[in-house]
Amino acid sequence: MPKCVIAEDEALLRESLVQLLGQVWPELEIVAACEDGGSALEAIAACQPEVAFLDIRMPGLSGLEVASSMLDAGMKTEVVFVTAYDQYAIDAFERGAVDYLLKPVARERLAGTVGRLRERLARGGQDIRQLQSLLQQLQSVAAPQPKTPPLVWLTASRGQETRLIMVDDVAYFQSDSKYTVVMTADGEALLRKPIRDLLEVLDPAMFKQIHRSTIVNLRCVAGVTRDESGRGTLRLKNRPETLAVSQPFMTLFKNM
């Protein structure tokens, strides 16, 4: 039974794709339906599915970045991109002979995609060079997302006190049940905002997701080590603890 991971940040579209796949490919086992790229990358690394449906634009890691990290890590999962209408991206898909689905996903189109996926799996899988070429094309021609200024400060609570914290002073953010722990050099505070929402407002050049529940400020990283399993550990400049890096996220630190 082939396995599948779905990554789509819009809940209704994610649920719709799950239902449609159940209709057109009933023997497919959906092992994870994720709402962001980081969770999808971890699920793909853990489950090694035959197929992944990746929304191109998601909080944190985009579908393109997830696919690129998969290639860097040597994963051989078949990729189908899901996208809103973007003629530049679609032209690149057509030339690259890689499957894509337009939102909202139509049953007939999905059925055709499933047929092609089955054929490719039967003959050994996707042409990795085609996927690498497509990713390079999309990075150069796809229309960029509108940029909003990154978050500069936030308010978080420490006991009964509400604190104003400059984002540059944050060493890392870590998910904790309903809250997010904001860790600075002088201690922690709690923020009522999930990690997923923070990924949309932090400066992506400085804040990197290293685990589905952790975002680190690169300015605060003193060093990175890798163990035999491929997982990593970050040592911080202004905190005594170390931070675990999930194996699939280590590819994001390959130039460090």
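Where a number appears in this text, it was derived from the coordinates with a stated rule and is not lab data. Quick caveat: nothing in here was measured; it's all calculated off a predicted structure. As a convention, Cβ positions derive from the backbone with ideal geometry for all residues, glycine included, and neighbour counts pool all protein chains shown.
Over the chain, calculate the relative contact order: mean separation of alpha carbon pairs under 8 Å at least 6 apart, over the residue count, as a percent. Spell out each step's value before the answer.
On the way: 442 pairs, mean separation 36.6, N = 256.
Normalised by residue count, the contact order of the chain is 14 percent.
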- Where does the chain land on the Kirkwood hydrodynamic radius, alpha-carbon pairs, in angstrom? 19.4
- Message: With the crude spin-label approximation of a point 7 Å out along Cα→Cβ, what separation in nm comes out for THR233 versus GLN136?
- Response: 3.8
- How far is helix 107-122 tilted, in degrees, relative to the longest principal axis of the Cα atoms in the chain, given as a value from 0 to 90 rounded to the nearest 10? 90
- Query: Out of the stretch 168-213, which trypsin sites (Lys or Arg not before Pro) are coil in DSSP terms and have no more than 12 other C-beta atoms within 10 Å?
  - Reply: LYS178, ARG192
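Using the Cα atoms as the points, what is the convex hull volume per residue of the stretch 3-141 in Å³? Please list the in-between numbers first.
Numbers: hull volume 13.4 nm³, N = 139.
For the stretch 3-141, the hull spanned by Cα atoms encloses 97 Å³ per residue.
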- Message: For the chain, take the longest principal axis of its alpha carbons; what is the angle in degrees between that and the long axis of helix 87-96, to the nearest 10 within 0 to 90?
- Response: 60
- Query: Can you pick out the pairs among LYS76/LYS103; LYS3/LYS76; LYS103/LYS178 whose Cα atoms lie more than 23 Å from each other?
  - Reply: LYS76/LYS103; LYS103/LYS178
- Measure nothing fancy, just the Cα-based angle from helix 37-47's long axis to the longest principal axis of the chain, in degrees from 0 to 90, nearest 10. 70
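Run the numbers on the stretch 3-141 and let me know its relative contact order in percent, using alpha-carbon pairs under 8 Å that are six or more apart.
Relative contact order here is 23 percent.
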